[in-house]
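Structure record follows, encoded as structure tokens.
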Amino acid sequence: MNFILNRKLRISLIRKRESRKIIKIITPIISLIVAFFISVGIFSLAGVPPLTTIRVVIFGAFGSFHNFSETIVKMIPLLLTGLSVTLAFKVRFFNIGAEGQLIFGAITASGIALFLPNIFPDIPRIVLLPILILAGMIGGAVWILIPVLLKSYYRVSEVITTIMLNYVSILFMQYLYDGPWKDQHGWGFPGSARFVESALMPRFFGTRIHFTIILALGIAILLYWLLRNSRLGYEISVIGLNERAAQYAGMNTKKKLIIVVMLSGSIAGLAGVGEVSGVHCRLFEGLIAGYGFTATSIAWLARLNPLAVIPVAFFIAALSLGGDQLQIQLALPVSAVQIFIGIILLIILAGDFFLRYSIKISERE
Amino acid sequence: MLSEKIVEFENIACEMKGIVKDFYGAKANDDINFSVMRGEIHALLGENGAGKSTLMKILSGVYAADRGEIFINGEQVKIASPRTAIDYGIGMVHQHFSLVDVLTVTNNIILGDNSRDAWINEKKVINEIKNVAEKYGLNVNPNAYVWQLSLGEQQRVEILKLLMRGADILIFDEPTSVLTPQEVEGFFETLRILSSEGKSIIIITHKLNEVFNIADKVTILRKGKKIASVYPKDVTKHDLAKMMVGKEVILDIHKPKSNPGKPILILENISVKNDRGILALNNVNLDIKSSEILGIAGVSGNGQTELAEVIYGFRTPLSGKVIINGNEIEKFSTHSAITFGVSHIPEDRIGTGLIPQLSIKNNLILKDYRQKRFSGRGTLNSKNIYEYSMNLINTYNIEPSNPDKLIMILSGGNQQKVVLAREMTTDHNILIAMHPTFGLDVAGTEFVRQKLIEHCSDGGAILLISEDLDEIMQLSDRIAIIYQGEIQDIVDAQDANIESIGLMMAGEKA
């Protein structure tokens, strides 16, 4: 690739040879440290002593058992949406709409949680929860069905449709909890009524860590196995790498694409179930947290490896909780927190880039 | 005329000294010296990967050499880009043309020509084109859109483009591979006119016949090194072949007479449209018997691609029947074609036949991965896949012999061996071989042709589609000539006459 600066100079990108494994591991760590110091530097310009920033962030994420457990809670939706995006990327489907699928999954699950107990008042948790989970996963899958059908039959770019459907699902959810599903005893707060006990995910160790974490870790391992060792995984890699060759091999590429992408949507939908049934116990505004976009960064940082998504999601969750503490304890504005996370992601991605390319500036003749 | 030429030869037009180019540790050019005289037609001969294209891309500014010097008319120059190259009068016609399909010939010629004023008088340019075209026998309509042109015509546009930018050294990469025999004659005539005017011509080729037909001098490269520069009149075909390959090669493959059996594939009144909605095959009737190779001769773009696509289920015909082993294909999909036992060596192995980012073994099972032995109960059986791949790697001498290596690091010849191994091993009734030796070197070509012949002797039915007329003549039992989607004639290979086939390929009914 070439960029021409002016009549004299030209910048070209040169692909490097495959780096050694040790360098691949060290690079993101060094990038992280550099990024950390840059952000701390920026905060010290705002009058916060560097050591304070570091202490607050680290304490916020890992400082106590409670804080650590909250990091895990935050990690669950990030892990699931990260896996969802990873799977879709494998068939070259750019799912930027994990947030929309998460919310739609939350909506369908909430529908079950709010109304099924009215019909069957004594329904036990062991029956209700699986129905809830299934409903949420189907919700996520249905929500992504629209973009994938548009893509495979009319070649509409999924990047646009998945993003747009995020807003549709957010507005639909707001309509529901402000209108028909509004909590009658909620003193006007926007949100649905609290779910009945049997519609809530079991939690562990007296924290808010809920059962979904086990499902999420299980899905990560399952996906890793599926992509490497199964017939479907083989088909996914062929379709993702060379669709024409997949057709040549007699694969029904449209059908396979739709199936895989719906799986991806259902994983994001499960994240929505976890949020409403495990954390908030109701459908409400707190679900809108930009998970879809963060999930895209997570998937890339993990190099589309489902197992690597686990630590990356954990790391991003820690950053975001640490960042929250900057806001709470040091009274830094929300934008400062976003700057903090933004700088770190940017520098890690830059480190990743320079691992693969070098830049050469040469004189033009 | 001859004496004039010798005088011209005393002027060196261009000289390359000690050129080295390294691609990730592989020396594509290793200390090559090369020079061209004014008015000389110089053939650059070598196998695939010998470094011919690399050397010429360095001369035309596409690549920068790691080391070495270039002199134009005795003056040392630095060629940093194709634009600097054309400023020095060097232009190259690449194997894949660099024309814009949706623009007219005139606009393609204007495009990127910085010597012109910002305000372009198109009428004037059209007149210039007509003059140059007439002078060199490069007949083409300046107002036609490039997508309407045949490959031969597109090549003429490329030549016009260079001439109108003042090129004195013209480089051609495998120029005749897209031409009919008649077009080749016309092209050579153009080259002769150009050289008589003092322009230097370099042709990259691996066809020995061409060297003797047109070249004043030939330089042979092998594995990045220059082997020799000789005058064709001083050597024989076998000398050149030996220098090119480094060992004696069999130039003529002998095909034993075959005894065709019952018909395996029958096409009845097949008509089909291409992607542009134009009729690509019109009422085609063909049959291929067991132990028979049916060759399809034709200039590319006359319906060959669509023919293969219909049989392989990529394309549904408007009308007509495809019958395999007595059963009519009803649903046209690649999956059903595979179930009916159609094997296919596609024309672009990297785009269709292989997945470069996957390993050899994962490419070898591309057709058969559904079978129980490879993926029983939905789980890949890595042991069986490994053993199966090892077996094929040994039978077909695939290098490297490690099934876990990625296809993209293989040479073109070895990639084609992977396709061949897969398509011939999988259970099938008929094999469609499309340009099976395209872009392969002499040894690779020989291997592929030998395998096709063996396959036929073992009772296989093969539909051979190739632009290489020699290949068609050498391998086929019968030859069908296709022109604009119609079968002109089907002849027995034994009493086939290359002249009359060439005429039919150009649309002249014999």
Original post:
With respect to the numbered conditions (1) part of a helix (DSSP H, G or I); (2) farther than 13 Å from residue B:362 by Cα; (3) facing chain B (nearest Cβ under 8 Å), which one is the sole condition not fulfilled by residue A:255?
Top reply: (3)
Subject >> Candidate set from the stretch B:35-48 (those that are outside any loop (DSSP other than H, G, I, E, B), touching a helix residue (DSSP H, G or I) at 6+ places or on another chain (Cβ under 8 Å) and not small (Gly, Ala, Ser)); member that is nearest to residue B:209 (Cα to Cα) >> reply: B:45
Original post:
Is there any pair linking a residue in the stretch A:217-233 that is of a type in the set (D, E, K, R) to one that is at pLDDT below 95, with Cβ under 6 Å and at least six apart or on different chains, and which?
Top reply: A:231/B:375; A:231/B:378
Original post:
Since residue A:207 meets every condition but one in (1) within 14 Å of another protein chain (Cβ to nearest Cβ); (2) of a type in the set (S, T, N, Q); (3) not in a helix (DSSP H, G or I), which condition does it not meet?
Top reply: (1)
**OP:** Of the conditions (1) more than 28 Å from residue A:303 (Cβ to Cβ); (2) of a type outside the set (Lys, Arg); (3) touching a Ser or Thr at 6+ places or on another chain (Cβ under 8 Å); (4) touching a residue at least 40 places away in the same chain (Cβ under 8 Å), residue A:108 clears all except one; give me its number.
**Re:** (3)
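Look at residue A:338 and say whether it is away from chain B (no Cβ under 14 Å) and either aromatic (Phe, Trp, Tyr) or out of contact with any helix residue (DSSP H, G or I) (no Cβ under 6 Å at 6 or more places or on another chain) (or both).
yes
Would you kindly identify the strands (runs of 3 or more DSSP E) lying entirely within the stretch B:49-158 that contain at least 1 residues that are out of contact with any helix residue (DSSP H, G or I) (no Cβ under 7 Å at 6 or more places or on another chain) and among the aromatic types (Phe, Trp, Tyr)?
Details: elements: B:67-72, B:75-77, B:90-93.
Those strands (runs of 3 or more DSSP E) span B:67-72.
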**OP:** Could you check how many residues of the stretch B:74-95 are β-branched (Val, Ile, Thr) and either within 12 Å of chain A (Cβ to nearest Cβ) or more than 19 Å from residue B:201 (Cβ to Cβ) (or both)?
**Re:** 3
Original post:
For residues in the stretch A:258-279 being surrounded by fewer than 24 Cβ atoms within 10 Å (Cβ to Cβ) and farther than 15 Å from residue A:88 by Cβ, which is farthest from the other protein chains (Cβ to nearest Cβ)?
Top reply: A:279
Subject >> Those strands (runs of 3 or more DSSP E) lying entirely in the stretch B:279-378 with at least 3 residues within 14 Å of chain A (Cβ to nearest Cβ) >> reply: B:342-345
Original post:
Quick one: would you say residue A:195 is in a loop (DSSP other than H, G, I, E, B), surrounded by fewer than 17 Cβ atoms within 10 Å (Cβ to Cβ) and either away from every other protein chain (no Cβ under 14 Å) or without any contact (Cβ under 8 Å) to a residue 60 or more places away in the chain (or both)?
Top reply: no
Subject >> Residue, nearest to residue B:415 (Cα to Cα), within the stretch B:334-351, restricted to residues that are surrounded by fewer than 20 Cβ atoms within 10 Å (Cβ to Cβ), modelled with pLDDT under 90 and of a type outside the set (Asp, Glu) >> reply: B:350
**OP:** Please indicate, with yes or no, whether at least one residue in the stretch B:345-362 is touching a residue at least 12 places away in the same chain (Cβ under 8 Å) and more than 25 Å from residue B:440 (Cα to Cα).
**Re:** no
**OP:** Return yes or no: is residue B:70 of a type in the set (Val, Ile, Thr), farther than 29 Å from residue B:141 by Cα and within 14 Å of another protein chain (Cβ to nearest Cβ)?
**Re:** yes
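One line per residue, one yes/no per condition, for (1) at pLDDT 95 or above; (2) not hydrophobic (A, V, I, L, M, F, W, C):
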{"residue": "A:223", "(1), (2)": "yes, no"}
{"residue": "A:280", "(1), (2)": "no, yes"}
{"residue": "A:287", "(1), (2)": "no, no"}
{"residue": "A:292", "(1), (2)": "no, yes"}
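Determine whether the stretch A:135-142 contains at least one residue that is over 25 Å from residue A:261 (Cβ atoms), crowded, with 23+ Cβ neighbours inside 10 Å and in contact with a Leu (Cβ under 7 Å, 6 or more places away or on another chain). Break it down into steps so the answer makes sense when it comes.
Just the residues of the stretch A:135-142 that are over 25 Å from residue A:261 (Cβ atoms), to begin with: none.
No, that holds for no residue.
The rows are residues; the columns are (1) within 17 Å of residue A:247 (Cβ to Cβ); (2) among the charged types (D, E, K, R).
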| position | (1), (2) |
| --- | --- |
| B:318 | no, no |
| B:330 | no, yes |
| B:339 | yes, no |
| B:358 | yes, no |
| B:381 | no, no |
| B:390 | no, no |
Subject >> Single condition residue B:147 does not satisfy, out of (1) under 20 Å from the mean Cα position of the chain (by Cα); (2) under 25 Å from residue B:202 (Cβ atoms); (3) surrounded by fewer than 18 Cβ atoms within 10 Å (Cβ to Cβ); (4) in contact (Cβ under 8 Å) with a residue 40 or more places away in the chain >> reply: (2)
Original post:
Among the listed residues A:175, A:234, which satisfies the condition of being in a helix (DSSP H, G or I) and surrounded by fewer than 18 Cβ atoms within 10 Å (Cβ to Cβ)?
Top reply: A:175
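Give, as residue ranges, the strands (runs of 3 or more DSSP E) completely inside the stretch B:395-510 that count at least 1 residues that are of a type in the set (Lys, Arg), touching a Leu at 6+ places or on another chain (Cβ under 9 Å) and surrounded by fewer than 17 Cβ atoms within 10 Å (Cβ to Cβ). Break it down into steps so the answer makes sense when it comes.
Details: elements: B:430-434, B:461-466, B:478-483, B:486-492.
In the stretch B:395-510, no matching strands (runs of 3 or more DSSP E) lie anywhere.
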**OP:** Any chance you could count how many residues in the stretch A:223-252 are more than 11 Å from chain B (Cβ to nearest Cβ) and among the basic types (Lys, Arg)?
**Re:** 0
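The values are calculated or read from the model by the stated rules, or taken from the named source; none is laboratory data. Keep in mind the model is a prediction, meaning the values are calculated, not measured. Methodologically, a virtual Cβ is constructed for each residue, glycine included, from the backbone with ideal geometry; neighbour enumeration extends over all protein chains shown.
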